[in-house]
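Structure, as structure tokens:
The values are calculated or read from the model by the stated rules, or taken from the named source; none is laboratory data. Model, not experiment: these values are computed from the prediction. No Cβ is skipped: glycine too gets one built from the backbone with ideal geometry, and neighbour counts run over all protein chains shown. SASA here: full protein model, heavy atoms, side chains in, ligands and nucleic acids out. Shrake-Rupley method; radii C 1.70, N 1.55, O 1.52, S 1.80 Å.
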Amino acid sequence: MTQKTGIFLISLFFSASLWAIDLRSGDVLLISLQCRICQVIEAEEDSLYSHMGLVNIEKRGAMVYEAWGQVKATPLKDFLGLARKDRAVRVIRLFKADELNSNKMKTLFETEYDGLQYDNAFLWQNKDEQGKEKQYCSEFVYKFLKRFIPLEMTTKKMHFKKNREMWERFFKGNIPDGKEGISPEDFNQSPDFYLVDDFNPHAKN
């Protein structure tokens, strides 16, 4: 592990598959989840990805900070276990990754983000009954990284044009058309990142 970002070389058996990859603190993992609304998200964004998380290499191992159910730190193996078996996981890395510090990332996460509620309304400024911010996956990663690095990527006006009836049911008629937001695909297309690898942790050799 480097003192700055943390580097973790993985070579493990996972679900009958041997895969190896060099992960660093600050790497973003883009995955597809097996759920109906996840498929609708991917269709809306013309994307292969409906969920994402942020890697941090800690003393206890590689953890993924994510907003799923709530904002939490998930062991890498458990996070990858969520991914669809027929899709690859994409690893992207910041061009300015060396500016990240794994210890500072851990401290910030534990003091300000861990345990925040998941925002299934997909609103950029949404708070719970205690006045704490609620966040969805891509919103969390964007806001967290912005605390360390000025990103070129920006939010956009969200659209929910495809599968409109499904969106109506999901949002119970209150679709956030045109509201500020961001998606996993925006990270995939961002000039702030470059592709590290695509791999399927479920694939059998």
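Roughly how tilted is helix 137-146, in degrees to the nearest 10 and between 0 and 90, from the longest Cα axis of the chain?
Relative to the chain, helix 137-146 is tipped by roughly 60 degrees.
Would you report the distance distribution of C-alpha pairs in the stretch 55-164 as whole percents per 5 angstrom bin, up to the bin with the largest distance?
So the P(r) values, bin by bin, are 2, 10, 18, 22, 22, 16, 8, 2, 1, 0.
To the nearest 500 deg cm²/dmol, what mean residue ellipticity at 222 nm is calculated for the chain from DSSP H runs of n ≥ 4 alone, each contributing -39,500 (n - 2.57), summed and divided by the residues?
Taken over the chain, the calculation gives -5500 deg cm²/dmol.
What dipole magnitude, in Debye to the nearest 20, does the stretch 73-205 give about its Cα centre under +1 on Lys/Arg Cβ and -1 on Asp/Glu Cβ?
340
What angle do you read, to the nearest 10 degrees and between 0 and 90, between the alpha-carbon axis of helix 36-45 and the longest principal axis of the chain?
Roughly 90 degrees between the two axes.
Skip the ligands, DNA and RNA, and give the accessible area per residue of the stretch 70-190 with a 1.4 Å probe, whole Å².
I get 54 Å² per residue for this part.
Which of TRP167, THR74, LEU100 sits closest to the plus end of the dipole of the chain, meaning its Cα is farthest towards the positive end, when Lys and Arg get +1 and Asp and Glu get -1 on the C-beta?
Going by the Cα projections, it comes out as THR74.
Using the Cα centre of the stretch 130-205 as the reference point, and only Cβ charges (+1 on K/R, -1 on D/E), how large is the resulting charge dipole? Debye, rounded to the nearest 20.
In debye, rounded to 20, the stretch 130-205 gives about 400.
For the chain, which cysteines have no disulfide-compatible partner, meaning no other cysteine Cβ under 4.7 Å?
CYS137
Work out how much length LYS127 to ASP46 would gain on full extension: take 0.36 nm times their residue separation and subtract the Cα-Cα distance, in nm to one decimal.
26.3 nm
Give me the compactness ratio for the stretch 132-205, meaning the Cα radius of gyration over 2.2 N^0.38 Å.
1.39
Would you mind working out the magnitude of the charge dipole of the stretch 42-115 relative to its Cα centre, with +1 at each Lys and Arg C-beta and -1 at each Asp and Glu C-beta, to the nearest 20 Debye?
About 420 debye.
Report, ordered by chain and residue number, the aspartates and glutamates lying within cross-link reach of LYS134, taken as a straight Cα distance under 13 Å and ignoring same-chain residues fewer than 8 apart.
Here the aspartates and glutamates satisfying the reach criterion relative to LYS134 are GLU66, GLU112, ASP114, ASP119.
Near LYS161, which lysines are there with a Cα under 20 Å away, not counting those fewer than 8 places off in the same chain?
Correct list for LYS161: LYS172, LYS179.
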